[in-house]
1. Work out the FRET efficiency for ALA87 and GLN13 from their Cβ-Cβ distance, taking R0 = 35 Å, and round it to the nearest 0.05.
2. Using the Kirkwood radius built from alpha carbon pairs, what does the Stokes-Einstein equation give as D for the chain at 4 °C and 1.567 mPa s, in µm² per second?
3. So how strong a dipole does the chain carry about its Cα centre when Lys and Arg Cβ are +1 and Asp and Glu Cβ are -1, to the nearest 20 debye?
4. Evaluate the stretch 87-135: find the radius of gyration of its Cα atoms, find its Kirkwood radius, and give the ratio Rg to Rh.
5. Taking the Cα centre of the stretch 4-70 as origin, work out the dipole magnitude from +1 charges on Lys and Arg Cβ and -1 charges on Asp and Glu Cβ, in debye rounded to 20.
6. Longest span of the chain, sites excluded, free of chymotrypsin sites (Phe, Trp or Tyr not before Pro) in DSSP loop with at most 16 other C-beta atoms within 10 Å?
7. State the answer as a single residue: which of MET1, LEU119, LEU23 lies farthest towards the positive end of the charge dipole of the chain, with beta carbon charges of +1 for Lys and Arg and -1 for Asp and Glu, about the Cα centre.
8. Using a 1.4 Å probe on the protein chains only, how many percent of the accessible area of the chain belongs to carbon and sulfur?
Amino acid sequence: MDALDRKILTELQRDGRLTVTELAARVKLSVSPCHRRLRDLEQEGAIRGYRAVVDPGAVGLNFEALVFATLRWEDSGTVAAFEEAVAAVPHVLQAQRLFGEPDYLLRVATADLAAFQQLYDQRLARLPGVQRLTSTLVMKHVVDDRPLPE
């Protein structure tokens, strides 16, 4: 990956709806080579996909919490079962496995506190292998969905 590929990625992170013609103009490249590079970046997996970034509040998800999960055991079966179950919970927007304690960080969005409590009690607390859950509420997003640096 060279500097031109990085410029293409930067522009697409800013606006994923750019046409190839607009993208080529922004990175100062003709359309055909730009299209080839774009296709290569997609095939190599550097570009994983395209999507709209939706404001959670606009769809009624006004409450966000970070949930830290510690597992009872960290054997491969428990980890796999936990990760599979977490992936099946639509309100979990992100899930990361961590080194040390806690074992996982989950970013969860719900309509309000009551909906979060229901999700917590009925789904999150029942995830396979969970020993302990702790939560903190998100007050404000200071940096959100920032493009990767060049």
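1. With a Förster radius of 35 Å, E is 0.90.
2. 71 µm²/s
3. For the chain, the charge dipole is close to 360 debye.
4. With Rg and the Kirkwood Rh in hand, the quotient comes to 0.94.
5. The calculation lands at about 320 debye.
6. With a cap of 16 other Cβ atoms within 10 Å, the longest stretch comes to 100-150.
7. LEU23
8. Of all accessible area on the chain, carbon and sulfur atoms account for 51 percent.
The values are calculated or read from the model by the stated rules, or taken from the named source; none is laboratory data. No experiment lies behind these values; they were computed from the predicted model shown. Backbone-built Cβ (ideal geometry, glycine too); neighbour counts: all protein chains shown. Note: areas computed on protein heavy atoms with side chains; ligands, DNA, RNA excluded. Shrake-Rupley method; radii C 1.70, N 1.55, O 1.52, S 1.80 Å.
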